[in-house]
Amino acid sequence: MNALEWTGSKVRFIDQTRLPGEEIFVETDDYRVLCEAIRTLRIRGAPAIGVAAAFGAVLAVRGKQFGTAEEMKRVLDAAAAELASTRPTAVNLFRALARMQAAARPETIQDPEILLVRLQDEAMAILNEDVDACRRIGEFGAGLLSSGVTVLTHCNAGGLATAGSGTALSVITTAARQGKINRVYVDETRPLLQGARLTAWELMKEGIRVVLITDNVAGTVLRQGKVQAVIVGADRIASNGDTANKIGSYPLAVLASRHHVPFYVAAPTSTIDPATSDGEHIPIEERNGIEVTTFGGTRVAPEGVEVYAPAFDVTPSTLITAIITERGVIEAPYAPTLESLACTPAGGAST
Ligand code: MRU
């Protein structure tokens, strides 16, 4: 199942807010539908957001008549600004849009038809690179795990969050195919339950033994010695290795360090942000308090209560054992390797 794909004229995606109860696919040729889908987490996960935005840029100009390429570029830039305003933390969104705008830039192309083909090719390249990156992350990451391990993961960094087989979950599923995985503890991931709803669903489909825990059980299973590795995804990796990921990742890294368990971040190089020096400078999205005051549609907190709902936190690089990318496993000191990887992408333009 592809969570997100290009049909040749439309984007087809699974509505992640309906899982695991219903597998509803949406097809659209309207980039504003994609904006809404990203904002409401129907499409979510850093790489998936980037791929969706790239095709959003295509849809914004596809099927319209333009007198000149300049006119088309103006429409593209306006749509890119709208797409960029949907969520602030995952850098894949901004890097993908920058690539689309760079692809439209060459002054030599004056024919809107040719420009459209170029944009479709670039979006397709972003998608294909993500598929390939997921596979390679899985291979590199599985190499770090020994036989019989139990791992713990947080949020959802699976196929749903990418165009391919996922990041953290690609490591787990690849290792499982090699017979290495005993079981996977999955944090439910309050408040939107990406772990319970999405990760548990994906891993169980793969026939992997899942043990679902509430987020506050993680410390207990780590203290009990039941976990040999923690693996999470990433929304933005600063150039010093500090990593923003789903809220709750940082306390997990502290717990892993306390119990001498490796804490791995698995992410494609498109998640590295060379322009952000450290975690302090990563913009952290704050969500509507209603996501905390309600559970499954039922109000669980008093009316009028004040809520603080950051969607992500930052794990300092000092707590990260290694970052698993499609171009290899990186260990501290992170800065030199991350900077060179981000500036020399395997494919496409650099931001
Ligand atoms: O708010 P979400 O569900 O988009 O947050 C997603 C995460 O934090 C993922 O762990 C991250 O994007 C990595 S996805 C491969």
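The values are calculated or read from the model by the stated rules, or taken from the named source; none is laboratory data. Please read all numbers here as calculations on a predicted model, not as lab measurements. Every residue, glycine as well, gets a Cβ built from its backbone with ideal geometry; the counts of neighbours run over all protein chains shown. Only protein heavy atoms, including side chains, enter the accessible area calculation; ligands, DNA and RNA are left aside. Shrake-Rupley method; radii C 1.70, N 1.55, O 1.52, S 1.80 Å.
Descriptive notes on the structure:
- Given (1) among the charged types (D, E, K, R); (2) within 12 Å of the ligand (Cβ to nearest atom); (3) surrounded by fewer than 24 Cβ atoms within 10 Å (Cβ to Cβ), index of the condition Arg223 fails: (2)
- Evaluating Arg118 against the criteria (1) modelled with pLDDT of 95 or more; (2) in contact with a Phe, Trp or Tyr (Cβ under 7 Å, 6 or more places away or on another chain); (3) not hydroxyl-bearing (Ser, Thr, Tyr) leaves one unmet condition, (2).
- Residues in the range 277-309 that are open to solvent by 20 Å² or more (accessible area, probe 1.4 Å) and under 19 Å from Ala157 (Cβ atoms): Ile284, Arg287.
- Qualifying positions in the range 133-165 - more than 15 Å from the chain's Cα centre (by Cα) and open to solvent by 30 Å² or more (accessible area, probe 1.4 Å): Arg136, Glu139, Phe140, Gly143, Leu144, Ser146, Ser147, Gly148
- Segments classed as strands (runs of 3 or more DSSP E), wholly inside the range 1-64, with at least 2 members that are within 16 Å of the ligand (Cβ to nearest atom): 11-14
- Checked against (1) under 28 Å from Ala229 (Cβ atoms); (2) modelled with pLDDT under 95, Phe295 passes all but condition (1).
- Test: residue in the range 75-94 that is without any contact (Cβ under 8 Å) to a residue 60 or more places away in the chain, assigned to a loop (DSSP other than H, G, I, E, B), under 20 Å from Ala157 (Cβ atoms) and more than 12 Å from the ligand (Cβ to nearest atom): no
- Any hit, the range 247-263, residues being part of a strand (DSSP E or B), touching a residue at least 12 places away in the same chain (Cβ under 8 Å), within 14 Å of the ligand (Cβ to nearest atom) and closer than 25 Å to Pro336 by Cα: yes
- Check on Glu331, modelled with pLDDT of 95 or more and over 29 Å from Pro262 (Cα atoms): no
- The residues of the range 3-17 that are more than 16 Å from the chain's Cα centre (by Cα) and not polar (S, T, N, Q), listed by number, are Trp6, Gly8, Lys10, Val11, Arg12.
- Output for the range 166-195, where each listed residue is of a type in the set (A, V, I, L, M), within 10 Å of the ligand (Cβ to nearest atom) and crowded, with 24+ Cβ neighbours inside 10 Å: Ala168, Leu169
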